[in-house]
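Written out below as structure tokens is the structure these notes cover.
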Amino acid sequence: MRKKSLISMLIAFSLCALLIGCSDDELGQSGDNFDREAMLQNWADNIIIPGYQTYVDDLKELNSAVELFTTSPSSDNLNSLRSAWLEANLSWQAVGMFEIGKAEELTLINYTNIYPTNTTDLIETIASGNYDLTSVNRQDEQGFPAIEFLIYGIRDTDQEIIDLFLQETAEQPYKTYLNDLADRLETMAQSVLGDWQNGYRDTFVNNSGSESTSSVNKLVNDYIFYYEKHLRAGKIGIPAGVFSSEKSTGKVEGLYSGNSKELFMAGLQAMQDFFNGKSPNSNLAVEGEGLKSYLDFVNTVTEGEDLGALINVQFIAAREKAEMLSENFRTQVGNNNNLMLETYDELQKNVVNLKVDMLQSLNIRVDFVDADGD
């Protein structure tokens, strides 16, 4: 009997030693006392939901502008449509990084901003009148790039574009397709916003642990993936030829409108604002709990370097380099690609800061395969 008690005590002691030896991450605990729930509340209530609300509002304006132009094609209505397209696209730059919840379920970004659009397939699809925009095979025939092509690049001059829509036959395939594209964008965005407003916000905020499936870990991974793949590689690196033997002027964002720089700068600013916990809503233009304050908290406790300040300095360095770029990146790549490469290098420096140093400080593991070139 005494022998059994001794064995039980040894087992209990071993289990205690094993638990003590486990890392915080293995136990699913953060190891710090930072208020993650407060950060999630700030993200949801002051950044993500207001961002989607603005995006939906701008898509309604885009839808109205498409309807007006297709009903009454004219120079004024074409210019109004182009302005509405740009405004909605700029709003998209502020929410594209949030591929979580309904946006993840819909793979929203793949139906919203895959560029360049496949113009050959797009024209064939319009001519056939037979298409399903929910199909994964149609992802590069819709979204902002496809609308951009139809209102900027389908013909050589503005008058020819207007004439195309004026002279359509009774079946009106171009008018129908343009309206369907705008409807599709608004429907998807409404679905994501509605999900946040009808339950997902609480699910997101309440999932405040530090497990790999927690809201903080998932969204931080989404944020870094977006920075690497869509901002650094998609907008700058791929057209500049960083990942291939040749530069690719035809792969820039804003290919037909020439708004590449404006779209990139909006995306870069949105990423820095999110890092600082700053709301895009002018009424809430203050910095709340975010990755910067989280790093400040952790590194103050550990007496580490001011990584948050370092990341902000690098965001500013990338912006200052990008300010020297042409408005149209197709022109920039063709005339002076070195500036594009230098901008890429500045963006790359923050990949190290965010993906290595920040994740290590916050005890968050990378949950995605490295983006192009890393």
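Rounded to the nearest 500, what is the 222 nm mean residue ellipticity of the chain from helices alone, with -39500 (n - 2.57) per DSSP H run of 4+ residues and division by all residues?
It comes out at -18000 deg cm²/dmol, rounded to the nearest 500.
Where a ≥ b ≥ c are the square roots of the eigenvalues of the C-alpha gyration tensor, would you call the stretch 217-282 rounded, which needs a/c under 1.5, or, failing that, prolate if a/b is larger than b/c, or oblate?
It is oblate, given that a/c is not under 1.5 and a/b is not larger than b/c.
Return one number: the angle in degrees, 0 to 90 and rounded to the nearest 10, between the long axis of the Cα atoms of helix 215-225 and the longest principal axis of the Cα atoms of the chain.
The answer is roughly 50 degrees.
Pick from Thr112, Thr169, Thr331: which is most flexible by mean-square fluctuation in a GNM of the chain where alpha carbon atoms under 10 Å apart are linked?
Per the Cα network of the chain with a 10 Å cutoff, Thr169 tops the list.
Taking the 0 to 90 degree range and rounding to the nearest ten, how far is the long axis of helix 291-302 tilted relative to the main principal axis of the chain, both from C-alpha atoms?
Relative to the chain, helix 291-302 is tipped by roughly 20 degrees.
If Lys and Arg each add +1 and Asp and Glu each add -1, what is the summed charge of the other residues whose beta carbon sits under 9 Å from the beta carbon of Ala84?
Charge balance near Ala84 sits at -2.
Given axes a ≥ b ≥ c from the Cα gyration tensor, I'd like to know whether the stretch 111-161 is rounded (a/c under 1.5), prolate (a/b larger than b/c) or oblate.
Because a/c hits 1.5 or more and a/b fails to exceed b/c, the stretch 111-161 counts as oblate.
First check a/c for the stretch 174-293, with a ≥ b ≥ c the square roots of the eigenvalues of its C-alpha gyration tensor; if it is under 1.5, answer rounded, and if not, answer prolate when a/b is larger than b/c or oblate otherwise.
Since a/c reaches 1.5 but b/c is at least a/b, the shape of the stretch 174-293 is classed as oblate.
Given the whole protein assembly as supplied and a 1.4 Å probe, what does the accessible area of Lys235 come to in Å², nearest 10?
10 Å²
For the chain, take the longest principal axis of its alpha carbons; what is the angle in degrees between that and the long axis of helix 75-95, to the nearest 10 within 0 to 90?
Helix 75-95 and the main axis of the chain meet at about 10 degrees.
³J(HN,Hα) across the stretch 141-158 via Karplus (A = 6.51, B = -1.76, C = 1.60, θ = phi - 60°), whole Hz, x for Gly/Pro?
Couplings: 10, 8, x, 4, x, 5, 4, 4, 4, 5, 9, 10, x, 5, 9, 6, 10, 4 Hz.
Counting heavy atoms of the protein chains only and a 1.4 Å probe, report the per residue accessible area for the chain as a whole number of Å².
46 Å²
If each Cα of the stretch 61-161 is one equal point scatterer, what is log10 of I(q)/I(0) from the Debye formula at q = 0.17, 0.18, 0.20 Å⁻¹?
-0.86, -0.95, -1.13
Given the alpha-carbon gyration tensor of the chain, what are the semi-axes of its equivalent ellipsoid in whole angstrom, ordered largest first, with each equal to the square root of 5 times an eigenvalue?
45, 24, 19
So, with a 1.4 angstrom probe, what is the percent of accessible area on the chain that is carbon and sulfur?
Roughly 49 percent, rounded to a whole number.
The values are calculated or read from the model by the stated rules, or taken from the named source; none is laboratory data. All figures in this text were calculated on a predicted structure; none of them were measured in a lab. Glycine gets a Cβ as well: all are built from the backbone with ideal geometry, and neighbour counts include every protein chain shown. These accessible areas exclude ligands, DNA and RNA; they are computed on the full protein's heavy atoms, side chains included. Shrake-Rupley method; radii C 1.70, N 1.55, O 1.52, S 1.80 Å.
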